[in-house]
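Let me begin by presenting the structure, written as structure tokens, before commenting on it.
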Amino acid sequence: MPGLAAVPEVARDVIAGGTSTAAVSALLNPVDVVKTRRQVGIGRGAVAEAQAAWRQAGAWRGLWRPGLSASVARELLYSGCTKGLYPMARDLVTPSNREPGLQHRALAAALTGLGGSVFANGPDVVKVRLFAEPGRYPGFMAAVREICAGPEGAVRGLLLRGVSASAPRGAAIAIGEVTTYDQTKVVLARHWPRHTGASSADASDRWREPFSLHVATSLITGVVATTVAAPFDCIKSCVMADDGGRYPRGFIDVVQSFSRSPGGLLMLFRGWWPAYCRLGPHAILTFPLLEQVRRLLGLEYL
């Protein structure tokens with residue numbers, strides 16, 4: 001595209017990571033709404049909750065609209081950092097003249113996931129609260145103003161609320177998503193049909209990866225990412241939906257509460273199915289889209 005050469009590569013990385021994920025998250029927002037409500041303890045099953053929301057407010061107001069702007073803002077920040085800065089972080093932690101190994105990919109994903117979660121914590125808090133209680137605030141900016149003006153304040157209410165859960169969750173899901181995708185694609189590519197005329201020694205192979213490889217890799221990524229992130233995601237939703245009254249110490253209080261419940265710590269996997277119904281299609285749509293956006297912006301594949 002004309003003029004792309006003037007845009008720094010790292011900026012194009014961030015734009016590709018943020019916009020591709022934000023677009024898919026907006027599409028799958030209803031699934032995220034149901035998943036979060038299951039995680040914070042709503043008694044109905046995922047299907048029953050979706051049907052109830054549809055009957056009460058309709059598809060748009062009941063399932064798609066709640067927290068939509070907060071979800072998009074959160075993904076632009078979090079995924080812009082996680083998926084956008086990952087290639088640079090991977091190169092930085094990999095010794096010179098060596099191909100990145102699994103440990104290098106995991107470390108790069110953990111660092112960018114951790115940083116992205118902290119950076120996007122404010123929109124994440126608003127998103128979770130609007131998912132759990134759509135009528136709690138009139139909208140995204142109204143929620144930000146009300147939280148900042150209230151007893152919680154900007155620091156405790158937005159910057160720090162649930163960060164003890166969102167930061168490790170961000171690192172875990174980045175490893176589950178980005179590392180799994182990157183490593184699995186490298187392994188599968190060794191056995192994947194190559195384009196005519198391409199050889200294993202051809203340096204341009206990074207520009208010739210077939211779309212089918214990206215889809216197959218994404219299918220595996222969705223299962224791994226959902227399972228790795230499930231406990232952290234559940235804790236994060238519980239802490240962020242709370243204003244400090246039920247879980248004043250955040251992460252610790254949620255774990256202790258769940259450990260004393262009849263289901264024990266397995267309750268941390270509550271909402272796994274709706275989480276997979278989001279993360280599975282999310283991975284299948286996001287990573288192939290991300291790869292194409294990267295190409296459009298003049299970047300190599302991830």
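Condition (residue is surrounded by 15 or more Cβ atoms within 10 Å (Cβ to Cβ) and at pLDDT below 90) applied to the stretch 174-191: is it met by at least one residue? Checking the stretch 174-191: not a single residue is surrounded by 15 or more Cβ atoms within 10 Å (Cβ to Cβ) and at pLDDT below 90.
Considering R44, R37, R55, the condition of being in a loop (DSSP other than H, G, I, E, B) and out of contact with any Pro (no Cβ under 8 Å at 6 or more places or on another chain) is satisfied by R44 alone. Taking each residue of the stretch 282-302 that is farther than 14 Å from G84 by Cα and touching a residue at least 24 places away in the same chain (Cβ under 8 Å) and looking for partners that are crowded, with 17+ Cβ neighbours inside 10 Å and not small (G, A, S) with beta-carbon atoms closer than 6 Å, six or more apart or interchain, yields H282/V24; H282/L28; A283/T221; L285/V24; P288/H214.
Going through the stretch 157-166 one residue at a time, which ones are open to solvent by 10 Å² or more (accessible area, probe 1.4 Å), hydrophobic (A, V, I, L, M, F, W, C) and part of a helix (DSSP H, G or I)? L158, L159, V163, listed by residue number. Residues in the stretch 43-58 that are more than 23 Å from the chain's Cα centre (by Cα) and open to solvent by less than 30 Å² (accessible area, probe 1.4 Å): A52, A53, G58.
In a residue-by-residue description of the stretch 120-142, the property of being open to solvent by less than 10 Å² (accessible area, probe 1.4 Å), small (G, A, S) and assigned to a helix (DSSP H, G or I) applies to no position.
Restrict the check to the stretch 100-115 and report whether at least one residue is in contact (Cβ under 8 Å) with a residue 60 or more places away in the chain, buried (at least 21 other Cβ atoms within 10 Å of the Cβ), closer than 30 Å to R246 by Cβ and β-branched (V, I, T). No, every residue in the stretch 100-115 fails to be in contact (Cβ under 8 Å) with a residue 60 or more places away in the chain, buried (at least 21 other Cβ atoms within 10 Å of the Cβ), closer than 30 Å to R246 by Cβ and β-branched (V, I, T).
Can you pull out every residue in the stretch 75-96 that is assigned to a helix (DSSP H, G or I), free of Cβ contacts under 8 Å to residues at least 60 places away in the same chain and either open to solvent by less than 10 Å² (accessible area, probe 1.4 Å) or polar (S, T, N, Q) (or both)? Of everything in the stretch 75-96, just one residue is assigned to a helix (DSSP H, G or I), free of Cβ contacts under 8 Å to residues at least 60 places away in the same chain and either open to solvent by less than 10 Å² (accessible area, probe 1.4 Å) or polar (S, T, N, Q) (or both), namely E75. Of all the criteria given as (1) in contact with a helix residue (DSSP H, G or I) (Cβ under 6 Å, 6 or more places away or on another chain); (2) open to solvent by 10 Å² or more (accessible area, probe 1.4 Å); (3) modelled with pLDDT under 90, the one not satisfied by D242 is (1). A Cβ distance below 7 Å, combined with a sequence gap of six or more or placement on separate chains, defines the contacts here; from the stretch 178-190, residues that are farther than 12 Å from A106 by Cα and in contact (Cβ under 8 Å) with a residue 12 or more places away in the chain reach residues that are hydroxyl-bearing (S, T, Y) and assigned to a helix (DSSP H, G or I) in the pairs T184/T217; T184/T221; K185/T217; L188/T217. Would you confirm whether or not the stretch 24-39 contains a residue that is on the phi > 0 side of the Ramachandran plot, modelled with pLDDT under 90 and open to solvent by 10 Å² or more (accessible area, probe 1.4 Å)? No, the stretch 24-39 contains no residue that is on the phi > 0 side of the Ramachandran plot, modelled with pLDDT under 90 and open to solvent by 10 Å² or more (accessible area, probe 1.4 Å). Which residues, counting only those in the stretch 256-296, are assigned to a helix (DSSP H, G or I), open to solvent by less than 30 Å² (accessible area, probe 1.4 Å) and closer than 17 Å to T226 by Cα? Of everything in the stretch 256-296, those that are assigned to a helix (DSSP H, G or I), open to solvent by less than 30 Å² (accessible area, probe 1.4 Å) and closer than 17 Å to T226 by Cα turn out to be L268, P274, A275, R278, L279, G280, H282, A283, T286, F287.
For the stretch 236-250, the count of residues that are among the acidic types (D, E), closer than 26 Å to G157 by Cβ and in a helix (DSSP H, G or I) is zero.
The values are calculated or read from the model by the stated rules, or taken from the named source; none is laboratory data. Nothing here was measured: the structure is a model prediction, and the numbers come from that model. For neighbour counting, all protein chains shown are included, and Cβ atoms are generated from backbone atoms with ideal geometry for every residue, glycine included. Ligands, DNA and RNA are excluded from the accessible area calculation, which covers all protein heavy atoms including side chains. Shrake-Rupley method; radii C 1.70, N 1.55, O 1.52, S 1.80 Å.
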